[in-house]
Amino acid sequence: MLLNPAIMALILVSVVVVLMLAMATGFALQVLRHWDIRSGSELQLRLERRTYLISTLMSWAFAAEVVSLLLFIYNAESMSGQFVGAMCATGVLNVNPWGWPTLFMKIALFFGGAIWLILNALDNQGYDYPLTRLKYLLLLLIMPLVMAEAYLQLRHFLELSPDVITSCCGSLFSSDAKGVAAEVTSVSPAVSMWGLYLSGTAVIAAGLFYSRVKRGSAVFSLLALIAFGFALVAIISVLSPYIYEHPQHHCPFCILKSGHGFAGYLLYIPLFFATASALGVGVVGPWHHIASLTSAVNTKGRQLVHVSVGLFILFYLLATVYVMSSNLVMQGVWW
């Protein structure tokens, strides 16, 4: 295993988060068995007091997972020079079978953690804490993901060997290769751009509709997921080549480099947080019928929609700027 400060920090974060979630899981089981807001028993009062502590721990745990995701990608990018054949994070993730699953699990935890935090914040607005059982049930479902992520990451780091000759992004994100990455790369520029902007228009329109009439939260969240998928496809198949000004360079990681103005961070961060906020709207919206949450649902839903729509608009503006300011002209794009 190759050791550096980033790897040690990532392993430490995973261990701490697993321990925090393990403690929270034990508490969640107590809540599911004994929670009764109508009771004035000593056990109920103790559970109510501990919910604030657990909520704080979970806030720090999921915040740590966000930092872990960014640090994992940054570390993979910085280590690319230590492996033969690697030019960016893609090569490091390809060193062993555990790299890509670790990344995907971290992304899943990012969205899962965001949903839990939003649900927890909404529940705390109700005087009778009506969603307590639900949010701790969700916590029990997240716990296996946290453990799986820690295991996959540890296996990835343990099996990092500088003797391995890995494959670069050019061989993976190529229309001549095989696999999902190659299929995404081969999507035509016109299809990618139409999908990008049509899905973006749909999700923004759905967000504005919800903000106005307070209906359609589930539709908005679903459209956000669709827009998220189209955005990732467009980044690989069209936006990256425009940023690189090279029609055959489709790597979604090289755009994170300083040589390209850290364009990847400027695109990915608003896209991910816009999608997470949109999923939060879908979590918040269904509970407007609960009397103690009606006002909180309206307020929280409106805030999340505004954040999500604003970040989606920022993402599409940045994508447009990168395309329009590029010296590359790709055949098949309508302009």
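The values are calculated or read from the model by the stated rules, or taken from the named source; none is laboratory data. Here the structure is a predicted model, which means the values were calculated and not measured. Using ideal geometry, Cβ is built from the backbone for each residue, glycine included, and neighbour counts are taken over all protein chains shown.
Matching residues to (1) outside any helix (DSSP H, G or I); (2) among the β-branched types (Val, Ile, Thr); (3) modelled with pLDDT of 95 or more:
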site: Val92; (1), (2), (3): no, yes, no
site: Trp100; (1), (2), (3): no, no, no
site: Ile107; (1), (2), (3): no, yes, yes
site: Gln125; (1), (2), (3): yes, no, no
site: Pro130; (1), (2), (3): yes, no, no
site: Ser174; (1), (2), (3): yes, no, no
site: Glu183; (1), (2), (3): no, no, no
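I need the full set of residues from the range 20-48 which are of a type in the set (Ser, Thr, Tyr) and without any contact (Cβ under 8 Å) to a residue 24 or more places away in the chain, in order please. Outline the logic, then answer.
Step one: of the range 20-48, the residues of a type in the set (Ser, Thr, Tyr) are 25, 39, 41.
Correct list: Ser39, Ser41.
Out of the residues in the range 75-84 that are under 18 Å from Pro252 (Cβ atoms) and not aliphatic (A, V, I, L, M), state the one that is surrounded by the most Cβ atoms within 10 Å (Cβ to Cβ).
In the first step, residues of the range 75-84 are kept if they are under 18 Å from Pro252 (Cβ atoms); the result is 75-80.
Those left that are additionally not aliphatic (A, V, I, L, M): 75, 77-78, 80.
Details: Asn75: 18, Glu77: 20, Ser78: 13, Ser80: 22.
Filtering first and then ranking leaves Ser80.
Quick one: in the range 293-322, of everything that is over 24 Å from the mean Cα position of the chain (by Cα) and crowded, with 16+ Cβ neighbours inside 10 Å, which residue is farthest from Ala206 (Cα to Cα)?
Restricting to residues being over 24 Å from the mean Cα position of the chain (by Cα) and crowded, with 16+ Cβ neighbours inside 10 Å, the top hit is Leu293.
Can you confirm whether the range 31-51 contains a residue that is assigned to a helix (DSSP H, G or I), in contact with a helix residue (DSSP H, G or I) (Cβ under 8 Å, 6 or more places away or on another chain) and either closer than 16 Å to Gln153 by Cβ or small (Gly, Ala, Ser) (or both)?
Kept after step one, since they are assigned to a helix (DSSP H, G or I), are these residues of the range 31-51: 31-34, 42-51.
So of that shortlist, the ones also in contact with a helix residue (DSSP H, G or I) (Cβ under 8 Å, 6 or more places away or on another chain) come out as 31-32, 34, 43-44, 47, 50-51.
Cutting the leftovers down to either closer than 16 Å to Gln153 by Cβ or small (Gly, Ala, Ser) (or both) gives us none.
There is no residue in the range 31-51 that is assigned to a helix (DSSP H, G or I), in contact with a helix residue (DSSP H, G or I) (Cβ under 8 Å, 6 or more places away or on another chain) and either closer than 16 Å to Gln153 by Cβ or small (Gly, Ala, Ser) (or both).
Taking the condition among the aromatic types (Phe, Trp, Tyr), within 23 Å of Gln303 (Cβ to Cβ) and touching a residue at least 24 places away in the same chain (Cβ under 8 Å), does Phe253 pass? Break it down into steps so the answer makes sense when it comes.
Details: among the aromatic types (Phe, Trp, Tyr): yes; within 23 Å of Gln303 (Cβ to Cβ): no; touching a residue at least 24 places away in the same chain (Cβ under 8 Å): yes.
Spelling it out, it is not the case that Phe253 is among the aromatic types (Phe, Trp, Tyr), within 23 Å of Gln303 (Cβ to Cβ) and touching a residue at least 24 places away in the same chain (Cβ under 8 Å).
Determine if the range 75-85 includes at least one residue that is in the same structural domain as Tyr129 (by TED's automatic domain parsing), within 30 Å of Leu122 (Cβ to Cβ) and part of a helix (DSSP H, G or I).
Keep residues of the range 75-85 that are in the same structural domain as Tyr129 (by TED's automatic domain parsing), which gives 75-85.
If we keep only those that are within 30 Å of Leu122 (Cβ to Cβ) too, we end up with none.
For the range 75-85, residues in the same structural domain as Tyr129 (by TED's automatic domain parsing), within 30 Å of Leu122 (Cβ to Cβ) and part of a helix (DSSP H, G or I): absent.
Pick from Glu48, Glu65: which is in the same structural domain as Leu117 (by TED's automatic domain parsing), of a type outside the set (A, V, I, L, M, F, W, C) and closer than 27 Å to Phe253 by Cβ?
Details: Glu48 fails: closer than 27 Å to Phe253 by Cβ.
Just one listed residue meets the conditions, Glu65.
Cβ-Cβ distance below 9 Å, separation of 6 or more or different chains: which pairs start in the range 142-163 with a residue that is of a type in the set (D, E, K, R) and end on one that is modelled with pLDDT under 95 and part of a loop (DSSP other than H, G, I, E, B)?
Arg155/Asn96; Arg155/Pro97; Arg155/Trp98; Glu159/Met1; Glu159/Val95; Glu159/Asn96; Glu159/Pro97; Glu159/Trp98
A quick yes/no check of all residues on (1) farther than 26 Å from Leu158 by Cα; (2) surrounded by fewer than 16 Cβ atoms within 10 Å (Cβ to Cβ); (3) touching a residue at least 12 places away in the same chain (Cβ under 8 Å); (4) of a type in the set (S, T, N, Q):
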site	(1), (2), (3), (4)
Trp98	no, no, yes, no
Pro101	no, no, yes, no
Phe104	no, yes, no, no
Ile107	no, yes, yes, no
Ile115	yes, no, yes, no
Leu119	yes, no, yes, no
Leu122	yes, no, yes, no
Tyr129	yes, no, yes, no
Thr132	yes, no, yes, yes
